[in-house]
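Worksheet for the structure shown next.
The values are calculated or read from the model by the stated rules, or taken from the named source; none is laboratory data. Since we're looking at a predicted model, the values are computed, not measured. All Cβ positions, even for glycine, are placed from backbone atoms using ideal geometry, and neighbour counts span all protein chains on display.
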Amino acid sequence: MSNAVKFERMGKGLDLAQAIAEADRCLLCHDAPCSDACPADTRPAEFIRKLRFKNVTGAIRTIKENNILGGACGVLCPTSRLCEEKCSAMFKSQNRPEGADRAIPIGGIQRFLIEHSWDRDIQIFEKPAARAERVAVVGSGPGGLSCAAELAKDGYQVTVFEAKPEPGGVLRYGVVSYRFDLEFLAHEMQDIKSLGVEFKCNSPIEGESGAEKLLQDGFDAVFLAPGLWASATIKPTGRDIDGLFSSVAYLSALRDGRFEEMEKRIQGKTVAVIGGGSVAMDCIESAIRLDAKDVYLIYRRSYSQMPAEPDERIEALECGVHFLLLNQPLDYIIDDQNRLVGVNLVRTRLDEPDDSGRRRPENIEGSEWTMNTDVVIEAIGNIAPDESPRWYPNIKVDDKKLIQVEPESGRTSVDGIFAGGDIVRGPALVVEAVQDGKVAAAAIKKFLQK
């Protein structure tokens, strides 16, 4: 099997019969906790109720009116710790015999409904009459797309500026195809384009005051959602080491179809992935699909403290990944040709909890050791580019170069400029960026109606 086939498509979702059967298990809670647990207010209780009573179009309408990226969120959301964690159907006891002891698969139903709308060409929105006001959106990730769609629904003229060749942000460049394929993304994008949103790709808004100049160029408001595309690293001076990849560079190469290039780097090699989140899981599973000889996951905390979802961790173990827990990378070992040959590590122990609520790892003195490896992929988080404050020098940022906003509106310190997504929150969930876009769009409408 070719690598292109291995990476081509994500697995099949629920069909109509399965979705209805699952919806029929819903307990129809009056004050549904699942809806309260959705960060983007997609209202799962409402669309599941409609599906249960066979109002399929109404269920689709509920999703798309509340979350233009309802399909993406249905696929990518960690529903097991959001809406599904609060599902009443999962609680079973002698006092609650109606409980099924298993949550309704809300994400699966949500994905089905969106795919069903495409299969049946169900159009939820009509392109509205254009208003005079123009809004610039910087970045076409989940936050930018959500904001653009909410504004376009009301006729505002929205132009999205995207630095990369194709729109989609992290949905396009940061997720492997077998988790979220390009055909699915294309459908989701078409729903947004049909509202009249204009996309300008290969159009970075950078340089001195680049973002703020958009107001001078005739836009009445600006929403900043450029995401975080600089990678954290344990060795800032080692970007040119042969065999060292950031997760951004590695996953982007796979997303762009450069399978032969990456196969040459991975096949038959020992690969170490540093990190414990969902991105790290994508990196290790894809390395296995590229026929790496051995894949190691290096993580400085314990298995239970990994931010990756439980099912992702289990899948990694079942794939044969070697977990090196309670180990902290210190430096890389290179040969005289600047090729990676190993990693210096130190064992750790867990101390008192830090700000994340997890126990803080501390290095164990005298426990340093060396691991031989051919490739290292760093999946330890993304950060704002060093030069990003220059793009908007009058906007307040924190010590991590993240934009500071009013949480209830997304308003920045510059009148007419709003922001959301990872550039405000730091690395976060797709569904949280969607909500930031919705909040900012509502605030922009109020600002423009003054």
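Some observations on this one:
- Every condition in (1) of a type outside the set (Ser, Thr, Tyr); (2) closer than 30 Å to Leu214 by Cβ; (3) surrounded by 15 or more Cβ atoms within 10 Å (Cβ to Cβ); (4) touching a Gly at 6+ places or on another chain (Cβ under 7 Å) is met by Phe112 except one, and the failing one is (2).
- Scanning the stretch 196-245 for residues that are surrounded by 15 or more Cβ atoms within 10 Å (Cβ to Cβ) and in contact with a Ser or Thr (Cβ under 6 Å, 6 or more places away or on another chain) yields a single hit, Ser231.
- Cβ pairs under 8 Å, 6+ apart, first in the stretch 368-388 and at positive phi, second of a type in the set (A, V, I, L, M) and assigned to a loop (DSSP other than H, G, I, E, B): Gly381/Ala232
- Residue in the stretch 334-341 that is out of contact with any helix residue (DSSP H, G or I) (no Cβ under 7 Å at 6 or more places or on another chain), under 21 Å from Met281 (Cα atoms) and not β-branched (Val, Ile, Thr) present: no
- Residue check, Ile423 among the β-branched types (Val, Ile, Thr), modelled with pLDDT of 95 or more and surrounded by 15 or more Cβ atoms within 10 Å (Cβ to Cβ): yes
- Flag for Arg300 being basic (Lys, Arg), touching a Ser or Thr at 6+ places or on another chain (Cβ under 9 Å), surrounded by fewer than 21 Cβ atoms within 10 Å (Cβ to Cβ) and at negative phi: no
- The lone criterion from (1) crowded, with 19+ Cβ neighbours inside 10 Å; (2) under 24 Å from the mean Cα position of the chain (by Cα) left unmet by Leu340 is number (2).
Condition check ((1) at pLDDT below 95; (2) surrounded by fewer than 16 Cβ atoms within 10 Å (Cβ to Cβ); (3) farther than 23 Å from Glu188 by Cα) across all residues:
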site	(1), (2), (3)
Ala23	no, no, yes
Asp41	no, yes, no
Ile48	no, no, no
Arg61	no, no, no
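- If you filter the stretch 352-366 down to residues that are exposed (fewer than 10 other Cβ atoms within 10 Å of the Cβ) and within 26 Å of the chain's Cα centre (by Cα), you find that the one that is farthest from Pro307 (Cα to Cα) is Asp355.
- Search result, residues across the stretch 237-295 that are part of a strand (DSSP E or B) and either among the polar types (S, T, N, Q) or more than 20 Å from Ile333 (Cα to Cα) (or both): Ser246, Thr270
- Residue match in the stretch 372-392 (condition: out of contact with any Gly (no Cβ under 8 Å at 6 or more places or on another chain), acidic (Asp, Glu) and at pLDDT 95 or above): no
- Selection from the stretch 302-330 of residues that are in contact (Cβ under 8 Å) with a residue 40 or more places away in the chain and under 18 Å from the mean Cα position of the chain (by Cα): Glu309, Pro310, Asp311
- When the stretch 255-285 is limited to residues that are modelled with pLDDT of 95 or more and among the polar types (S, T, N, Q), the one that is surrounded by the most Cβ atoms within 10 Å (Cβ to Cβ) turns out to be Thr270.
- When the residues of the stretch 374-401 are filtered to those that are loosely packed, with under 14 Cβ neighbours inside 10 Å and among the basic types (Lys, Arg), the one that is farthest from Pro236 (Cα to Cα) is Lys396.
- When we screen Gln123, Gln94, Gln110 for residues that are polar (S, T, N, Q) and at pLDDT 95 or above, the only hit is Gln110.
- The criterion of at least 3 residues that are not assigned by TED's automatic domain parsing to the domain that holds Gly268 is met by the following strands (runs of 3 or more DSSP E) wholly inside the stretch 345-445: 417-419.
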